[in-house]
Amino acid sequence: MTAVAVSELDLRQIEQFLYREARYADEHDYDAWEALWTDDALYWVPAGADAVDPTSQMSVIYDNRSRISTRLKQLRTGKRHSQSPPSSLRRVISNVEVLSGEVLSGEVLSGEVLSGEVPDGQVPGGEVPGVEMRGGGGAETIVGANFMLAESRARGTEIWAGRTTYRLRVVDGEIRLAYKKVLLVNCDQPLPTLAFLI
Amino acid sequence: MTATVRGTAASMPRPDYATLIQSDRVHGSLYTSEQIFAEELERIWYRTWVYIGHASEVPEPGDYVRKSVGPQDLIMTRDRDGGLHVLLNRCAHRANLVCEDARGNSKSFRCPYHGWTYRNTGELIGYPYRQGYEGNGKLDLAMGRVPRVDSYHGFVFGSFAADGPTLAEHLGAAAGEIDRLARLSPDGQVQLNAGWLKHRTRANWKLLAENETDGYHPQFVHSSIFSVTGSPIAALYSDKSSAVTRNLGNGHSENDLRPEFRNFGEPMRWFGTTQARVPDYVARMREVHGEAAEQILVEGAPHVMIFPNLFIAEIQVFVIQPLSAGECIQHSTAVQLKGAPELNKRMVSQSIGSVGPAGMLLADDTEMYERNQRGVAMLQPEWLDLRRGLHRERVDERGLTIGTATDETAMRGFWSHYRTLMEAAA
């Protein structure tokens with residue numbers, strides 16, 4: 001896949017980051033998970049469809065960095081009843097694709113990559129998806145992946161599945177998560193409680 | 001159409017509701033019995049007024065939106081003359097679903113099975129190969145319709161019974177709470193156009209209806225988020241709060257938080273903000289309401305449960321959809337106030353944070369509902385206690401029963417009305 005070659009981050013590094021993020025979420029390691037995010041983070045779980053303006057339409061989750069922090073503080077109290085005791089979780093991430101990345105000198109993103117999934121036309125501010133320069137950091141790499149997740153708690157076992165779009169950025173030499181959108185396959189259906197980190 | 005529902009257990013003796021529902025306790029089987037659930041469908045959900053949708057969801061002629069009452073799949077439509085209709089999503093030919101889209105705009109619905117086509121009023125306007133019916137093309141068939149549909153401030157209610165109390169009679173004192181919500185819009189109009197979250201809940205619907213105006217639980221169920229955010233909501237539901245719980249009659253109830261907000265006398269405190277942060281809104285309200293604006297801006301929005309399925313919680317609206325004795329769906333959205341753009345985006349953002357499957361409030365309420373459902377399946381003790389505050393109830397100047405912020409006055413009102421409906425003749 002040519003897109004890998006055009007990314008500053010290679011696929012192996014990206015996958016390792018995604019797996020680590022998934023493990024922190026599965027194991028309720030809230031401090032480690034929180035440390036992965038950039039200061040301008042956005043964590044979005046659309047309800048029904050992602051072709052909406054999440055500032056004027058309801059979403060399941062639409063957290064900026066401050067609300068991510070509040071959500072995690074609530075979990076850390078141990079009195080977030082819907083996660084006390086916490087769900088037992090394991091997720092599998094697959095079909096990892098670099099959808100666009102920083103263009104290295106002399107190389108051009110292939111049309112195939114650009115005309116594939118257009119990840120997020122609805123980021124606040126209406127930025128055009130793809131490579132972009134952000135105020136505080138360097139270029140972003142947009143990554144898509146599928147996931148399946150088994151959740152067990154006293155209520156029963158739930159299977160969650162969907163498509164995740166990540167925007168990754170290198171900050172001080174380390175990969176950080178600037179954006180994570182989780183589009184559940186059943187987001188248009190009634191969902192059970194989703195109080196863990198998905 | 002006839003909206004009668006087949007009695008599911010005609011041969012079984014009817015439950016004795018006078019024994020199961022007492023003034024100070026109710027029996028656990030009310031939450032677990034499928035026979036009682038079937039009777040509730042007949043006697044409550046398919047008879048009394050139930051909330052269906054909001055007129056702002058179908059603003060233009062031809063607009064339609066799928067809705068539900070219990071297991072009934074409904075289509076709320078607006079015809080070319082602006083009239084509202086609530087159709088049952090079922091073809092008069094072979095009973096297929098006529099409409100599969102969640103919403104849209106169309107003058108007609110065409111059943112995909114054999115091509116029967118209906119006007120958005122439910123009237124059958126055509127079918128293929130008319131020779132097969134030997135007549136002139138007309139058939140005396142139509143889609144089912146909810147026979148009585150009426151609305152109040154755009155809140156559309158329906159009754160599957162052809163006769164009965166009017167919507168105004170059903171709403172009674174609760175209508176004033178909808179007035180209070182609409183009054184917060186500078187244009188006097190509520191809009192529910194921010195989309196809906198759907199939260200699947202493995203619990204009996206009545207646990208939700210009772211909890212909506214239970215002022216006893218917030219300090220315990222929601223302590224995690226109150227402690228993290230320093231929320232002033234906790235104090236509204238403390239033992240020292242001046243707020244009252246009011247039985248509004250007909251099963252409706254409210255937590256009246258106005259006494260608390262009047263004590264502070266700060267405009268927009270009810271919204272967790274100050275007037276300086278929403279200057280355009282406050283200016284418009286003063287322009288529209290003059291001197292009365294002060295009181296409106298101080299007292300804020302209602303916290304009212306309208307029997308059996310509509311809950312207005314200040315800036316959110318919830319609709320309860322029962323599916324069985326042990327399962328229901330909570331639909332939730334943010335209130336939007338016409339002419340108040342400064343508030344509307346905040347209400348969406350706050351609502352996303354609070355309600356739905358991941359909500360920092362409602363996920364914990366729902367955890368309680370689901371554990372409660374497991375609890376009521378235990379054999380002993382058989383009863384749920386309803387006595388809290390019974391000794392200190394009072395009657396207010398409107399003749400309505402009130403208790404303190406944490407008393408179970410609302411639940412007692414709910415059960416009294418429930419029993420009346422369940423004991424009524426079939």
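The residue of segment A:58-98 that is farthest from the chain's Cα centre (by Cα), among those that are of a type in the set (A, V, I, L, M, F, W, C) and farther than 18 Å from A:L191 by Cα, is A:L75. Taken as a whole, the condition of being farther than 16 Å from B:D256 by Cα and either surrounded by fewer than 20 Cβ atoms within 10 Å (Cβ to Cβ) or not basic (K, R) (or both) does not apply to B:M411.
Of everything in segment B:209-222 that is outside any helix (DSSP H, G or I) and touching a strand residue (DSSP E or B) at 6+ places or on another chain (Cβ under 8 Å), the residue that is farthest from B:Y31 (Cα to Cα) is B:G215. At least 2 residues being within 14 Å of chain A (Cβ to nearest Cβ) is the threshold, and among the helices (runs of 4 or more DSSP H) wholly inside segment B:328-426 those reaching it are B:341-354, B:362-376. One residue alone among B:S242, B:S253, B:S231, B:S223 is out of contact with any Phe, Trp or Tyr (no Cβ under 7 Å at 6 or more places or on another chain) and under 19 Å from B:L400 (Cβ atoms), and that residue is B:S242. Filtering segment B:246-278 to residues that are more than 18 Å from the chain's Cα centre (by Cα) and more than 19 Å from B:I315 (Cβ to Cβ) leaves B:P259, B:R262, B:N263, B:G265, B:A276. Kindly indicate whether B:S324 is within 14 Å of chain A (Cβ to nearest Cβ), surrounded by fewer than 22 Cβ atoms within 10 Å (Cβ to Cβ), of a type in the set (S, T, Y) and under 20 Å from the mean Cα position of the chain (by Cα). So B:S324 fits the description; yes.
The single condition from (1) farther than 30 Å from A:L72 by Cα; (2) more than 14 Å from chain A (Cβ to nearest Cβ) that B:T273 fails is (1). With respect to the conditions (1) touching an Asp or Glu at 6+ places or on another chain (Cβ under 9 Å); (2) farther than 21 Å from B:R419 by Cα; (3) free of Cβ contacts under 8 Å to residues at least 24 places away in the same chain, B:K138 lacks only one, and its number is (1). Residues in segment A:60-75 that are more than 16 Å from B:R346 (Cα to Cα) and β-branched (V, I, T): 2 in all.
Out of everything in segment A:148-169 that is surrounded by 21 or more Cβ atoms within 10 Å (Cβ to Cβ) and among the hydrophobic types (A, V, I, L, M, F, W, C), what residue ends up being farthest from A:A47 (Cα to Cα)? The residue in question is A:L168. Applying the condition of being touching an Asp or Glu at 6+ places or on another chain (Cβ under 8 Å) and outside any loop (DSSP other than H, G, I, E, B) to segment B:82-108 and asking which residue is farthest from B:S56 (Cα to Cα) yields B:L88. Out of B:A363, B:A377, I need the residue that is in the same structural domain as B:E212 (by TED's automatic domain parsing), closer than 19 Å to B:F220 by Cα and modelled with pLDDT of 95 or more. Which one? The match here is B:A363. Scanning segment A:161-198 for residues that are among the aromatic types (F, W, Y) and touching a Lys or Arg at 6+ places or on another chain (Cβ under 8 Å) gives A:Y166, A:Y179. Please go through segment B:198-216 and pick out each residue that is touching a helix residue (DSSP H, G or I) at 6+ places or on another chain (Cβ under 8 Å) and either within 11 Å of chain A (Cβ to nearest Cβ) or among the aliphatic types (A, V, I, L, M) (or both). Matches in segment B:198-216: B:H199, B:T201, B:R202, B:A203, B:L207, B:L208, B:A209.
Of A:T193, A:T165, all but one fail to be under 21 Å from B:C328 (Cβ atoms) and among the hydroxyl-bearing types (S, T, Y); the exception is A:T193. A single member of B:W45, B:W116, B:W49 is under 25 Å from B:F414 (Cα atoms), touching a His at 6+ places or on another chain (Cβ under 7 Å) and at pLDDT 95 or above, and it is B:W49.
A single entry from B:I233, B:I306, B:I296 fulfils the requirement of being buried (at least 16 other Cβ atoms within 10 Å of the Cβ), free of Cβ contacts under 8 Å to residues at least 24 places away in the same chain and under 26 Å from the mean Cα position of the chain (by Cα): B:I233. Taking only pairs six or more apart or across chains, which ones have beta-carbon atoms under 7 Å, a first residue in segment B:165-192 that is among the β-branched types (V, I, T), and a second residue that is part of a helix (DSSP H, G or I)? Between residues of segment B:165-192 that are among the β-branched types (V, I, T) and residues that are part of a helix (DSSP H, G or I), the close pairs are B:V190/B:L181; B:V190/B:A182.
Select from segment A:25-55 the residues that are within 11 Å of chain B (Cβ to nearest Cβ) and within 13 Å of the chain's Cα centre (by Cα) and list them in ascending order. Passing the criteria: A:Y43, A:W44, A:V45, A:P46. Each residue in segment A:56-79 was checked for being within 17 Å of A:V45 (Cβ to Cβ) and facing another protein chain (nearest Cβ under 7 Å), and 11 pass. State which residue is surrounded by the most Cβ atoms within 10 Å (Cβ to Cβ) when the search covers only segment B:264-293 and only residues that are more than 21 Å from B:A334 (Cα to Cα) and acidic (D, E). Selected residue: B:E266.
The set of residues in segment B:112-122 that are surrounded by fewer than 14 Cβ atoms within 10 Å (Cβ to Cβ) and not hydroxyl-bearing (S, T, Y) comprises B:P112, B:H114, B:G115.
Does any residue in segment A:9-32 that is within 14 Å of A:T164 (Cα to Cα) come within less than 9 Å, Cβ to Cβ, of a residue that is polar (S, T, N, Q) six or more places away or on a different chain, and which pairs are these? Short answer, once both residue conditions are applied: A:I14/A:S7; A:I14/A:T141; A:L18/A:T164. For B:K240, the stated conditions do not hold, so it cannot be described as crowded, with 19+ Cβ neighbours inside 10 Å, in the same structural domain as B:N372 (by TED's automatic domain parsing) and among the basic types (K, R). Where residues in segment B:10-61 are loosely packed, with under 15 Cβ neighbours inside 10 Å and among the hydrophobic types (A, V, I, L, M, F, W, C), which of them is farthest from B:V156 (Cα to Cα)? Among those residues, the one meeting the criterion is B:M12.
The values are calculated or read from the model by the stated rules, or taken from the named source; none is laboratory data. Everything numeric here is computed off the predicted structure, so don't read it as measured data. FYI the Cβ positions are ideal-geometry reconstructions off the backbone, even for glycines, and counts take in every protein chain you see.
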